[in-house]
Amino acid sequence: MTASATATATAPAAGGVAGSPRSAHPLLKAATPASWIAQACAESDVLLIDHANCEKKAASTALSLMFAYAEDLELTGKMSRLAREELRHYEQVTKLMKTLAVVPQRLAPGRYAERLRRLVAKSEPRREVDLMICGALIEARSCERFAALAPAVRGPIGDLFQGLHHAEARHYRVYLDLARRAAHRAGIGFHPRVEEFAALESELITSRDAVFRFHSGTP
């Protein structure tokens, strides 16, 4: 692991989960553990395969939100652009997999997204706010992990992740802005709900996780 990757994983705590380092990302309460970065470097094939799955899921999520909130043209326009970009990223990842002779395989999903979505409200208008916050946190974690992985993995995988980092930084802001707008329209407290989701997200990232995936917790 490079010195810069180590710094990302071991930055001094500043208000995150007790005993875990604070992430440099403004939306996240905890940094990716150094042990996860080490495992990602050791299992780069699984990392790429699961990341390709993540890009497909991200595109699918954007499309499902377009159907769920079809009357909101601002939201559907942003989700349409986001879905197209996620599919381009999927094509980039699979192209690199072919170049590196990484054999695709079916992977069981990890706990991360499913556990976050358990917190999503079942009824509107809170459900829309929660879905957007959930999307923002997933994209923010991807952004943070790309930044940590790019100098650690190096080579063509590191180059790919460095490029994807900038896109994920845009994506999390799209979701966060939509969440803030939806909360304002509905008269719902925005920041307390973000804090609630961010606390759960940091717990999932810093707690022990038996399954290694792009968004898994501590090995």
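Some notes on this structure:
- Positive-end extreme of charge dipole, the range 92-219 - chosen from Val103, Gly158, Tyr172 (charges on Cβ): Val103
- Per-residue ellipticity at 222 nm from helix content only, as computed over the chain with -39500 (n - 2.57) for each DSSP H run of at least four residues, stands at -23500 deg cm²/dmol.
- Amide H to amide H, with H built 1.01 Å from N, Phe214 comes under 5 Å of no residue 5 or more places away or on another chain.
- Rounded to the nearest Hz, the phi-derived 3J(HN,Hα) couplings of the range 124-129 under the Karplus curve 6.51 cos²θ - 1.76 cosθ + 1.60 (θ = phi - 60°) are 7, x, 5, 4, 4, 4, where x marks glycine and proline.
- Rounded to whole Hz, the Karplus (6.51, -1.76, 1.60) HN-Hα couplings of the range 47-61, x for glycine and proline: 4, 5, 4, 5, 5, 4, 4, 4, 5, 5, 5, 5, 5, 4, 4
- Among His171, His191, His165, His184, the order of accessible area from largest down is His184, His191, His165, His171, computed with a 1.4 Å probe on protein heavy atoms.
- Calculated P(r) tail over 28 Å for the range 40-199, as whole % of Cα pairs: 23 percent
- In Hz, Karplus ³J(HN,Hα) per residue of the range 65-78 (6.51, -1.76, 1.60; θ = phi - 60°; x = Gly, Pro): 5, 4, 6, 5, 10, 4, 7, 9, 5, 5, 5, 5, x, 5
- Here the calculated FRET efficiency for Gln162 and Glu91, from their Cβ-Cβ distance with R0 = 25 Å, stands at 0.90, rounded to the nearest 0.05.
- Per residue, in Å², the accessible surface of the chain once ligands and nucleic acids are set aside, probe 1.4 Å: 47 Å²
- Fully extended contour minus Cα-Cα distance, from Ala24 to Ser44, at 0.36 nm per residue: 4.8 nm
- The chain, accessible surface, carbon-and-sulfur percent (1.4 angstrom probe): 57 percent
- Remark: accessible surface ordering of Glu55, Glu43 (largest first) is Glu43, Glu55, probe radius 1.4 Å.
- By a 1.4 Å probe calculation restricted to protein chains, Arg173 has an accessible surface near 110 Å², given to the nearest 10.
- Length-normalised contact order for the range 49-131 - Cα pairs under 8 Å, 6+ apart - percent: 29 percent
- Gln105/Glu71 FRET efficiency (R0 41 Å; Cβ-Cβ; nearest 0.05): 0.55
- Accessible area of Ile188 (1.4 Å probe, protein heavy atoms only, ligands and nucleic acids ignored): about 30 Å².
The values are calculated or read from the model by the stated rules, or taken from the named source; none is laboratory data. Note that the structure is predicted; figures quoted are calculated from it, not measured. When we count neighbours, we look across all protein chains shown, and the Cβ atoms used for this are built from the backbone with ideal geometry, even at glycine. Just so you know, the surface numbers come from the protein's heavy atoms only, side chains and all, with ligands and any DNA or RNA stripped out. Shrake-Rupley method; radii C 1.70, N 1.55, O 1.52, S 1.80 Å.
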